[in-house]
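Values quoted throughout were computed directly from the atomic coordinates according to the rules given, and no laboratory measurement underlies them. Worth saying up front: this structure is predicted, and the values here are computed from it rather than measured. Positions of Cβ are backbone-derived with ideal geometry, glycine not excepted, and every protein chain shown enters the neighbour counts.
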Amino acid sequence: MTNESKPTVLTDEKFSDFIGKNIPLRYMIDWEILHYHVYERWTSGKYRGGVWELCVNDDGFYMRPTHDKNFEIHSDSGFSTSELTHDSIGIALEQWIASHLSFRAYGLNDKEGVEFWSNHYYAITELRNQSPQCALIARFND
């Protein structure tokens with residue numbers, strides 16, 4: 001990410017306030033749980049839990065892992081890398097989750113959910129485009 005778009009990491013109290021105000025209630029639990037389950041799948045089960053941070057800036061928000069391990073991660077398309085930073089992993093994961101939840105909302109005929117998750121996907125794509133690892137994140141998610 002460029003210096004001018006450095007994210008603010010929210011504390012526990014601000015985290016809850018932000019999530020409560022910015023994520024539709026219907027999807028709040030799924031959004032959080034997907035971070036852990038998808039990341040565990042991407043690491044082939046090597047990730048077994050830990051603390052995550054909520055990062056926010058003018059362009060959007062995402063959660064990133066804080067562990068000190070550098071796991072090799074494997075995308076659904078078969079691409080593998082161990083070069084992504086925690087911010088880049090968070091952005092890649094947030095793109096995947098926003099896409100997934102937009103399709104879930106569509107399947108539920110939830111037009112507001114589709115609009116929210118589609119807009120969030122495009123905001124995260126803007127964050128990805130500002131990242132020094134933009135090409136690597138895009139390759140991982142394609």
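Over the chain, calculate the relative contact order: mean separation of alpha carbon pairs under 8 Å at least 6 apart, over the residue count, as a percent. Write down the numbers at each step before the final one.
On the way: 172 pairs, mean separation 37.1, N = 142.
Over the chain, the number comes to 26 percent.
What does the charge dipole of segment 7-141 about its Cα centre add up to, to the nearest 20 debye, if the Cβ of each Lys and Arg holds +1 and the Cβ of each Asp and Glu holds -1?
It works out to roughly 340 debye.
Could you list Ile124, Ile29 so that the one with the fewest beta carbons within 10 Å of its beta carbon is first and the one with the most is last?
Ile29, Ile124
Which one, Gly113, Gln133, Leu84, is farthest towards the positive end of the dipole of segment 26-142 when Lys and Arg carry +1 and Asp and Glu -1 on their Cβ?
The residue sitting most towards the positive pole is Leu84.
Pull up the cross-link candidates among the lysines for Lys69, meaning alpha carbon to alpha carbon under 27 Å and not fewer than 8 places away within one chain.
By straight Cα distance, Lys69 reaches Lys6, Lys14, Lys46.
Of all the stretches in the chain, which is the longest one without any exposed loop site, taking trypsin sites (Lys or Arg not before Pro) in a DSSP loop (any state but H, G, I, E, B) with at most 12 other Cβ atoms within 10 Å?
70-142
222 nm [θ] for the chain, helices only, -39500 (n - 2.57) per DSSP H run of 4+, per residue, to 500?
Working: 5 runs with 76 residues, N = 142.
About -17500 deg cm²/dmol.
Where in the chain lies the longest segment free of GluC sites (Glu not before Pro) that are both loop residues by DSSP (not H, G, I, E, B) and have at most 14 other Cβ atoms within 10 Å?
The longest such stretch corresponds to 1-71.
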